[in-house]
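Working notes for the structure below.
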Number of protein chains: 2
Amino acid sequence: MGFDRLIKKIRETGNPSVVGLDPKLDYIPEYLIQEQTGTGLEKAANVLLAFNKAIIDEIYDIVPAIKPQAAYYEMYGWQGVRTLAETISYAKSKGMFVITDGKRNDIGATMQAYTAAHLGSVTIDGETLTPFGADALTVNGYLGTDGIKPLLETCRAEDKGIFVLVKTSNPSSGEIQDKMLEDAPLYAKMGDLCETWGADTIGEYGYSAVGAVVGATYPEQLKELRIRLPHIFFLVPGYGAQGGGAQGVAGAFDKNGLGGIVNSSRAVMCAYQKEKCDPKEFAKAARREAIRMKEDIRNYISIK
Amino acid sequence: MGFDRLIKKIRETGNPSVVGLDPKLDYIPEYLIQEQTGTGLEKAANVLLAFNKAIIDEIYDIVPAIKPQAAYYEMYGWQGVRTLAETISYAKSKGMFVITDGKRNDIGATMQAYTAAHLGSVTIDGETLTPFGADALTVNGYLGTDGIKPLLETCRAEDKGIFVLVKTSNPSSGEIQDKMLEDAPLYAKMGDLCETWGADTIGEYGYSAVGAVVGATYPEQLKELRIRLPHIFFLVPGYGAQGGGAQGVAGAFDKNGLGGIVNSSRAVMCAYQKEKCDPKEFAKAARREAIRMKEDIRNYISIK
């Protein structure tokens with residue numbers, strides 16, 4: 001309950017970071033593309049899966065979680081979406097916690113369908129099947145409680161979690177999210193709703209199953225929200241490539257060094273390009289970058 | 001440009017409505033389930049496709065567009081997502097305009113990936129492929145301009161459109177969307193952003209490629225937004241099952257009876273249940289309901 005499984009893995013590995021698996025063909029070494037079979041979208045999907053598995057093999061013992069971004073799989077059609085399902089399944093077989101970054105949002109029966117798809121299960125001819133089976137899903141709360149409530153039952157029953165977009169990492173996030181209401185900006189109100197939504201799903205570390213996305217690029221807001229939202233676990237994108245630094249993300253964490261997980265995608269996936277090492281070492285370079293990132297963050301926080 | 005293709009089809013058919021294809025197994029006649037092959041998620045995906053094709057065959061000459069809801073396909077795994085792609089392709093082969101209801105949202109390169117997935121194309125080994133190929137996509141604007149800009153280039157280059165969530169049809173939509181800013185509620189500001197985003201994509205009917213979702217359940221806001229947002233084409237959910245009536249949706253339309261399209265999903269898909277007719281007539285019952293709905297709306301508006 002309440003991200004306890006994720007927090008235990010963070011404590012075990014001493015690593016409050018998650019690797020985003022957002023694989024574009026451009027990121028993938030040419031030799032690996034040549035090795036895969038098939039044509040068209042099927043070929044691309046096979047390439048993505050081989051790339052992901054190699055990275056997971058190199059990081060699963062030192063990184064608690066992966067965060068596949070749905071868009072990069074949908075870009076390669078249903079074949080790419082099959083790779084999303086297979087990536088999730090593979091990472092879970094290695095004991096990793098999986099956050100599907102889909103930013104899904106809808107209401108009522110439709111949101112129930114998204115919940116069944118990404119976190120739950122469906123029953124067909126009496127057989128219970130798991131379409132994607134992630135541990136957590138990012139969601140967008142613009143539709144209010146009707147869009148969140150359908151998720152909460154599955155969070156409780158199957159020990160899953162969600163991350164609601166609160167203050168996103170991008171430059172224009174303020175256009176809507178910073179709009180001032182009577183006494184606080186909109187993103188703070190969205191955070192308050194997260195506290196309400198998660199109130200009866202609080203786990204042993206004090207965090208609920210309703211987390212929040214808060215960007216590393218807004219360190220002041222991170223600190224402010226850490227105080228305002230004591231039961232909300234943060235997923236923090238924007239470290240590295242988008243300009244967020246380790247000192248800034250330190251504000252996401254509580255006095256025990258818990259309460260948040262920092263994402264890095266491209267810097268890990270493309271570490272071999274930055275290192276200019278042999279492309280065949282891409283997965284080992286990803287591991288080196290994952291370790292560098294962990295140490296960078298651990299310079300500013302200690303996990304109890 | 002600017003939903004001209006959709007508006008032409010609305011004028012040709014005299015029908016400002018769209019059929020939502022949100023097929024759950026529960027909605028589908030037992031005989032059709034028995035007829036399909038496969039097991040598990042593949043079987044479910046085959047059933048959904050057979051159901052959708054039969055309905056499309058019965059409505060394509062009288063209804064301008066379909067709106068498949070991504071959640072109901074994802075619920076049946078990548079196999080279900082294959083059915084989404086095949087449904088889109090089939091409807092387009094019959095000349096229908098396809099709105100994928102995915103409410104996608106992200107930023108930068110990730111939003112580009114969603115754009116390529118749902119509206120655009122990808123190039124693999126020199127071959128240009130279309131992963132899903134809808135004509136329009138619903139999107140969520142909570143992330144601001146960074147989440148919308150990546151779509152606009154494809155809207156311009158490939159004559160596609162988007163519908164941004166402005167005021168959604170559900171009871172709790174006000175929790176965020178009705179928050180009062182200095183001089184207007186948040187949803188009105190989101191609408192204003194749609195005007196800005198779409199400003200250079202206005203087509204011959206005066207509407208831009210950036211439409212808005214405004215629920216039939218809020219007729220006063222529909223009327224108010226029709227005046228405030230003169231270049232914004234409305235996708236109007238919530239008619240029928242959610243309680244929105246034809247008189248209320250009339251506010252979505254301009255003096256020429258254009259400017260909006262009203263969605264109905266379950267009432268059309270499940271018309272055979274309400275009619276209590278032979279389940280083998282499900283597609284003909286869907287056609288009868290589509291005609292009834294068109295006439296209901298046309299009692300309140302005339303299309304010029």
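The values are calculated or read from the model by the stated rules, or taken from the named source; none is laboratory data. Remember, it's a predicted structure, so these values are computed and weren't measured experimentally. Note that each Cβ is placed from the backbone with ideal geometry, even for glycine, and that neighbours are counted across all protein chains shown.
Only residues that are out of contact with any helix residue (DSSP H, G or I) (no Cβ under 6 Å at 6 or more places or on another chain) and more than 14 Å from residue A:160 (Cα to Cα) were counted in segment A:190-225, giving 15.
Out of the residues in segment A:67-79 meeting the condition of being facing chain B (nearest Cβ under 7 Å) and small (Gly, Ala, Ser), tell me which one is farthest from residue A:234 (Cα to Cα). Working first, answer last.
Initial filter on segment A:67-79 (facing chain B (nearest Cβ under 7 Å)): A:69, A:71-72, A:74-78.
Those still in the list that are small (Gly, Ala, Ser) too: A:71, A:77.
Details: A:71: 21, A:77: 31 Å.
Ranking the qualifying residues of segment A:67-79, first place goes to A:77.
Taking segment A:13-41, which residues are among the charged types (D, E, K, R) and farther than 25 Å from residue B:106 by Cβ?
Of segment A:13-41, the ones among the charged types (D, E, K, R) are A:22, A:24, A:26, A:30, A:35.
A:30, A:35, listed by residue number.
Within segment B:119-160, restricting attention to residues that are in a strand (DSSP E or B) and under 21 Å from the mean Cα position of the chain (by Cα), the residue that is farthest from the other protein chains (Cβ to nearest Cβ) is B:136.
The lone criterion from (1) modelled with pLDDT of 95 or more; (2) surrounded by fewer than 18 Cβ atoms within 10 Å (Cβ to Cβ) left unmet by residue B:183 is number (1). Filtered by the rule that a residue be in contact (Cβ under 8 Å) with a residue 60 or more places away in the chain, under 13 Å from the mean Cα position of the chain (by Cα) and farther than 14 Å from residue B:140 by Cβ, segment A:161-177 gives A:161, A:163.
For segment B:178-215, a residue qualifies if it is of a type in the set (Asp, Glu) and in contact (Cβ under 8 Å) with a residue 60 or more places away in the chain, and exactly one does: B:204. If the condition is being under 30 Å from residue B:230 (Cβ atoms) and of a type in the set (Phe, Trp, Tyr), then segment B:256-304 contributes only B:300.
Residues of segment B:1-32 that are within 14 Å of chain A (Cβ to nearest Cβ) and part of a loop (DSSP other than H, G, I, E, B): B:22, B:23, B:24, B:28. Looking across segment A:88-107 at every residue that is within 7 Å of chain B (Cβ to nearest Cβ) and free of Cβ contacts under 8 Å to residues at least 60 places away in the same chain, the one that is farthest from residue A:68 (Cα to Cα) is identified as A:107.
Screening B:200, B:183, B:192 for residues that are of a type in the set (Asp, Glu) and more than 14 Å from every other protein chain (Cβ to nearest Cβ) leaves exactly one candidate, B:200.
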